[in-house]
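The values are calculated or read from the model by the stated rules, or taken from the named source; none is laboratory data. This structure is a prediction, so every number in the text was calculated from the model and none was measured. When we count neighbours, we look across all protein chains shown, and the Cβ atoms used for this are built from the backbone with ideal geometry, even at glycine. For the accessible areas, the whole protein counts, side chains as well, though only heavy atoms, and no ligand, DNA or RNA atoms are used. Shrake-Rupley method; radii C 1.70, N 1.55, O 1.52, S 1.80 Å.
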Amino acid sequence: MSNHPEIERFVRGEPIAVEVGEIERALGSLWQEASRAGEAAAISRAALWNVIVPTCGPAALAASKKLVDELAPALPTRTLTLCLDDGRRGAGLEATIESHVVSQPGGARMVYSEEITIAGPSGAQGHFGALVRALQVAGVPTATFWLDPGAPESLLTRELLAVTNRLVLDTTTCLHPRQLFDLDRLAAAAQPLPIADLGWLRLGALRALFAGMFDPPVGGAPLVQARRVAVEHRAGCDASALLMLAWIGVQLGWRPVRAAQTSDGGVRFDFTRAGQPIAGHLVPAEGACGRSGILAVEVTTASDDRYAIRRTAIDQTQLQTPGVPPKLVKLDSPSDAELAIAALGARGRDPLFRRCLAYARQLWSLEPDTAGSRR
Amino acid sequence: MLDTPGGPPASSSPSVLPNPLREGLAEERVPEPAVMVIFGASGDLARRKLLPALYSLTRDRLLPARFAIVGFARRAVSDDAFREEMRAACNEFARRRPIDPELWAAFSRNIFYQPGEYEDLASFLSLKQRLGDIERDLGLHGNRVFYLATPPSSFAPVIRNLGQAELAPKPPPATAPKPPGPPPPFARVIIEKPFGTDLETARALNRDVHETLDERQIYRIDHYLGKETVQNLLVFRFANGIFEPIWNNRFVDHVQITGAESIGVEARGGYFEQAGSMRDMVQNHLLQVLSLFAMEPPIAFDPDAVRDEKLKVLKALRAIPESDFERQVVRAQYAAGSSAGQAVPGYRQEPNVSPSSTTETFVALKLFIDSWRWAGVPFYLRSGKRLPKRVTEIAVHFKEAPHLLFGRRGESIRPNVLAIRIQPDEGIALNFGSKLPGPAMEIAPVSMEFRYGSSFGVEPPEAYERLLLDCLLGDSTLFTRADEVEASWTWVSRIHRRWAEDAAAGRVDLATYPAGSWGPPAADRLLTADGRAWRLP
């Protein structure tokens with residue numbers, strides 16, 4: 001492992017094929033050589049997290065690698081990407097290692113990340129657990145990014161959860177609310193691990209803006225008097241919209257009663273609180289929005305006052321409050337890498353997500369019609 | 001849930017229910033709607049720090065949706081002209097640049113300007129009228145923060161006029177029973193440094209301020225306390241089990257605190273002539289950092305519990321004995337030299353500086369804290385202008401291992417040093433010895449580093465952002481209390497008195513150092529006399 005072209009490729013971040021049983025030794029050797037070749041410029045290996053990313057197929061692998069590449073400059077991790085792919089040429093496991101070196105001002109180099117990719121055909125997942133345990137950096141926590149719905153659930157439940165300190169999901173990948181059931185089941189199996197959801201974090205800015213409308217001097221009174229809540233969403237983003245509605249329902253203590261489809265292709269949920277009925281609508285619509293797919297959230301009170309946030313552009317939202325001219329505010333659309341960093345921080349331990357996910361599942365289970373026909 | 005407690009703090013607005021949707025949000029700590037009045041709005045501080053910080057807070061959605069800024073200064077300009085100036089300032093100094101035009105449009109709609117004189121009550125009555133109009137138009141309920149970014153000579157008149165114009169009424173006594181209904185609107189006053197120029201003036205200013213305001217309304221700002229690493233000192237010490245047991249005279253040999261600036265006095269020669277490094281840096285920034293470093297664990301993380309412990313440290317600073325003064329205090333002035341590859345003039349050649357000035361631009365001190373924890377541990381402080389680089393750090397030098405098992409191998413075995421970097425590159429590094437690979441028992445120093453930027457992937461917020469937000473939230477933990485200010489002046493004023501006595505007797509012991517160096521040889525002797533040396537930060 002001491003020839004220079006290979007070290008140069010490694011330091012440039014290109015994948016280097018290695019024997020599966022020699023990954024750790026090969027990494028150590030390459031870093032040592034790279035450090036010598038770097039002369040005065042020091043290279044430090046660093047990891048604050050082990051990140052495991054199970055994937056299935058080349059498309060999911062490519063998406064995972066893109067995320068890891070974006071994450072690397074901001075957060076030092078050792079990433080283990082596990083890929084099941086029957087389309088590969090070899091019948092056995094194959095491994096590559098990559099570095100993510102970032103130059104510091106003044107010429108010093110600092111490695112923020114190293115990435116190990118292990119790929120194999122269906123059935124190879126039987127080896128993945130042992131490999132992960134062997135390759136985890138000691139003394140730092142492990143996050144499993146369960147982002148590919150195609151990856152076999154048994155890999156997570158049998159092998160990875162036992163070595164995981166934080167489970168990261170992405171409800172935005174659910175093309176149908178029914179898929180939230182699977183994630184809720186996984187979340188239950190993962191108890192008591194902290195669970196982060198990129199979809200939930202993606203909704204964070206909208207939730208904060210919406211909540212901000214009920215800060216003083218307005219206060220929570222309009223929420224007590226709410227009679228109708230509508231969440232407008234792009235087609236295929238029903239799961240995000242349901243999660244948004246669930247958040248409002250959980251926070252306001254609404255008891256779900258029934259659900260039914262509406263003529264516009266949406267869904268109506270009936271709630272009750274303190275004897276008062278409240279209607280919650282998921283309304284499919286068209287318009288510019290970020291990956292969350294949410295276009296607008298609107299509350300109408302018993303006195304017909306309306307409080308709404310409505311996207312007017314990808315990065316812009318209009319706030320509508322009674323008696324005040326509409327106000328345009330900037331709405332950030334964080335990248336997946338930014339969300340992934342947040343998921344590994346304090347915001348990735350939000351217990352409210354579990355409550356809202358369970359509530360969303362409860363809502364979608366209300367009405368057989370709803371659950372069945374839109375499946 | 002709507003009926004459960006635990007939402008944001010009770011509102012001062014009439015009949016406002018808590019907002020249940022705030023629970024669990026990252027932006028859970030959002031202040032109540034308010035107006036911030038900035039006195040000295042045409043000055044550098046407002047332009048470089050305050051408006052950019054408020055813009056950044058808005059961008060991060062940390063300010064309430066209903067929030068207004070009123071600039072107040074002598075110059076007569078229109079709202080629009082003031083907005084345009086502040087736009088340029090934010091474009092130049094905001095943490096995230098360039099500014100977002102749409103966000104700025106929304107933000108700047110609530111920026112206003114009111115011309116007036118600081119000593120003129122009529123100007124404050126006009127301000128009161130203007131605030132009433134703004135609050136009515138924006139649906140605000142009278143919460144106000146007044147930021148005194150004026151020259152210190154204006155602090156007392158501004159506060160007096162705030163009182164006479166009834167712009168900042170005192171809250172009910174803390175011990176008074178709370179009347180039913182929402183609390184009255186708040187009025188808080190942020191006072192910039194310097195708070196006094198010596199013990200007498202600080203006491204007089206405190207007396208003046210307390211005639212109008214309750215101590216709970218006063219936020220004496222020291223922007224060092226808003227820096228992430230300074231706050232991290234508390235977390236580092238009190239959230240990690242391994243450091244506090246060694247944070248004492250059994251394990252610590254000595255502590256060095258360096259506050260170095262690479263710049264000279266620039267255009268502030270007039271101010272600096274009166275202040276010097278002792279007033280400009282040591283009395284506030286360095287002693288505040290020292291008190292946080294050395295304090296006992298507070299009983300709670302609340303403003304008074306933390307400040308009570310800091311105060312004990314300041315009160316425990318041993319007065320420097322007359323007989324040891326020269327061995328414990330070094331002052332110096334920079335001479336011509338080099339900075340960033342450019343030839344730079346000496347202090348006495350700077351604009352607005354007397355050619356025979358005896359003002360110190362560098363000070364190095366050896367001090368002791370008379371407490372059980374720190375008995376016998378010297379603290380070496382130094383601060384200066386035109387030093388080789390801008391850096392502020394605390395370096396904790398631990399005692400050597402009691403028995404050197406491996407013998408001395410040249411200079412290779414060094415005591416452990418824990419370096420807490422406050423600026424720039426906020427972080428913490430621990431130096432320790434490690435065996436060099438190979439058959440020989442050679443030991444080399446290595447460093448284990450934590451840096452905020454690379455570990456958390458986010459840039460820490462500007463100190464002013466944190467402190468302005470804390471004031472709006474009513475959290476005074478990171479602000480200095482009246483008794484802290486007086487305790488630090490008590491210690492510093494003794495040194496100033498001695499210098500004044502020396503000057504009166506014609507004995508001015510003022511060394512010089514070339515710009516771009518780490519200070520005069522006398523500063524090195526302060527440590528070499530004890531068998532120690534300054535760490536190169």
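Check region A:253-264 and report whether any residue there is within 14 Å of another protein chain (Cβ to nearest Cβ) and surrounded by 23 or more Cβ atoms within 10 Å (Cβ to Cβ). Yes.
Answer with yes or no whether B:PHE479 is of a type in the set (Phe, Trp, Tyr), within 14 Å of another protein chain (Cβ to nearest Cβ) and within 24 Å of B:ILE422 (Cβ to Cβ). For B:PHE479, the condition - of a type in the set (Phe, Trp, Tyr), within 14 Å of another protein chain (Cβ to nearest Cβ) and within 24 Å of B:ILE422 (Cβ to Cβ) - is not met. Checking region A:198-208 against the condition returns a match, with at least one residue being without any contact (Cβ under 8 Å) to a residue 40 or more places away in the chain, surrounded by 19 or more Cβ atoms within 10 Å (Cβ to Cβ) and within 12 Å of chain B (Cβ to nearest Cβ). Against the test of being more than 30 Å from A:GLU70 (Cβ to Cβ), crowded, with 20+ Cβ neighbours inside 10 Å and touching an Asp or Glu at 6+ places or on another chain (Cβ under 7 Å), the options A:LEU295, A:LEU331, A:LEU363, A:LEU282 yield a single qualifying residue, A:LEU282.
Scanning region A:311-347 for residues that are in contact (Cβ under 8 Å) with a residue 60 or more places away in the chain, more than 11 Å from chain B (Cβ to nearest Cβ) and part of a strand (DSSP E or B) yields no hits at all.
So is A:GLY220 of a type in the set (Gly, Ala, Ser), more than 12 Å from A:LEU243 (Cα to Cα) and surrounded by fewer than 20 Cβ atoms within 10 Å (Cβ to Cβ) or not? Criteria not met by A:GLY220.
Could you pull out the residue among B:ALA505, B:ALA515 that is within 24 Å of B:ILE320 (Cα to Cα) and among the hydrophobic types (A, V, I, L, M, F, W, C)? Of the residues listed, the single one that is within 24 Å of B:ILE320 (Cα to Cα) and among the hydrophobic types (A, V, I, L, M, F, W, C) is B:ALA505.
Of the residues that sit in region B:305-319 and are of a type outside the set (Lys, Arg) and in contact (Cβ under 8 Å) with a residue 60 or more places away in the chain, which one is most open to solvent (accessible area, probe 1.4 Å)? Looking at the filtered set, the residue picked out is B:ALA319. Against the conditions (1) assigned by TED's automatic domain parsing to the domain that holds B:VAL235; (2) surrounded by 15 or more Cβ atoms within 10 Å (Cβ to Cβ); (3) of a type outside the set (S, T, N, Q), B:PRO460 satisfies every one except (1). Checked against (1) open to solvent by less than 20 Å² (accessible area, probe 1.4 Å); (2) more than 30 Å from B:ALA500 (Cβ to Cβ); (3) not basic (Lys, Arg), B:TRP374 passes all but a single condition, namely (2). In region B:56-77, the residues that are more than 10 Å from every other protein chain (Cβ to nearest Cβ) and over 19 Å from A:PRO326 (Cβ atoms) form Cβ pairs under 6 Å with partners that are among the polar types (S, T, N, Q) and open to solvent by 40 Å² or more (accessible area, probe 1.4 Å), at six or more places apart or across chains, as follows: B:ALA73/B:SER42; B:ARG75/B:SER42. The residues in region B:93-107 that are free of Cβ contacts under 8 Å to residues at least 24 places away in the same chain and open to solvent by 60 Å² or more (accessible area, probe 1.4 Å) can be counted, and the count is 4. Of the residues in region B:323-330, not one is farther than 22 Å from B:ASP524 by Cα and open to solvent by 40 Å² or more (accessible area, probe 1.4 Å). Of B:ALA76, B:ALA122, all but one fail to be in contact with a Pro (Cβ under 7 Å, 6 or more places away or on another chain) and either open to solvent by 50 Å² or more (accessible area, probe 1.4 Å) or on the phi > 0 side of the Ramachandran plot (or both); the exception is B:ALA76.
Within region A:148-157, identify whether any single residue is within 14 Å of another protein chain (Cβ to nearest Cβ) and in contact with a strand residue (DSSP E or B) (Cβ under 9 Å, 6 or more places away or on another chain), and answer yes or no. The answer is no; no qualifying residue exists.
Hey, does region B:435-442 have a residue that's outside any loop (DSSP other than H, G, I, E, B), open to solvent by 20 Å² or more (accessible area, probe 1.4 Å), at pLDDT below 90 and away from chain A (no Cβ under 14 Å)? Yes, because at least one residue in region B:435-442 is outside any loop (DSSP other than H, G, I, E, B), open to solvent by 20 Å² or more (accessible area, probe 1.4 Å), at pLDDT below 90 and away from chain A (no Cβ under 14 Å).
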